[in-house]
1. Looking at segment 38-50, I want the residues that are of a type in the set (S, T, N, Q) and have a partner that is buried (at least 16 other Cβ atoms within 10 Å of the Cβ) with Cβ atoms under 6 Å, at least 6 apart or on another chain. Which pairs are those?
2. Identify the residue in segment 19-29 that is touching a helix residue (DSSP H, G or I) at 6+ places or on another chain (Cβ under 9 Å) and either of a type in the set (Lys, Arg) or not in a loop (DSSP other than H, G, I, E, B) (or both) and, among all such residues, is modelled with the lowest pLDDT.
3. Please work out if residue 41 is modelled with pLDDT of 90 or more and either touching a His at 6+ places or on another chain (Cβ under 9 Å) or among the aromatic types (Phe, Trp, Tyr) (or both).
4. Restricting attention to segment 14-27, does a residue exist that is small (Gly, Ala, Ser) and within 16 Å of residue 75 (Cα to Cα)?
5. Name every residue in segment 51-73 that is without any contact (Cβ under 8 Å) to a residue 12 or more places away in the chain, part of a loop (DSSP other than H, G, I, E, B) and more than 18 Å from residue 9 (Cα to Cα), in order of residue number.
Amino acid sequence: MKKNIRLNQQKKLLFLLRGVRVDAGLTQSELASRLATDQTFVSKYESGERRLDILELREVCHQLSEDPEFLTTILPIGDGLLVAARRA
């Protein structure tokens, strides 16, 4: 897989995770508290400075009341566009 494709997908994931947090009405600090960590953890993964491993991603989704499987319906494989709408 080309690096730029992975980078595009990573950016889409970060945008999606931030949007889910904002839609949930949570600040970075509030989410960090739920995750038993500090605000910089959330800031760093939302900005792309840090990547989440699968277990961290699962816990973030859990704390946001979001099914991690939902991400697979949103994030395309390859260089496709973000076409699916977020569930209501």
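The values are calculated or read from the model by the stated rules, or taken from the named source; none is laboratory data. Given the structure is predicted, the values throughout are model-derived calculations rather than measurements. A quick note on method: Cβ atoms are made from the backbone with ideal geometry, for glycine too, and the neighbour counts reach across all protein chains shown.
1. Qualifying pairs under 6 Å: 39/28; 39/32; 43/28.
2. Residues of segment 19-29 touching a helix residue (DSSP H, G or I) at 6+ places or on another chain (Cβ under 9 Å): 20-21, 24, 26-29.
Add one more test, that the residue is either of a type in the set (Lys, Arg) or not in a loop (DSSP other than H, G, I, E, B) (or both), and what stays is 20-21, 28-29.
Numbers: 20: 93, 21: 96, 28: 98, 29: 98.
Selected residue: 20.
3. On the way: modelled with pLDDT of 90 or more: yes; either touching a His at 6+ places or on another chain (Cβ under 9 Å) or among the aromatic types (Phe, Trp, Tyr) (or both): yes.
Yes.
4. Start the filter on segment 14-27 by keeping residues that are small (Gly, Ala, Ser), which leaves 19, 24-25.
If we keep only those that are within 16 Å of residue 75 (Cα to Cα) as well, we get 19.
Yes: one or more hits.
5. If the condition is that a residue be without any contact (Cβ under 8 Å) to a residue 12 or more places away in the chain, part of a loop (DSSP other than H, G, I, E, B) and more than 18 Å from residue 9 (Cα to Cα), then 67 is the only one that fits.
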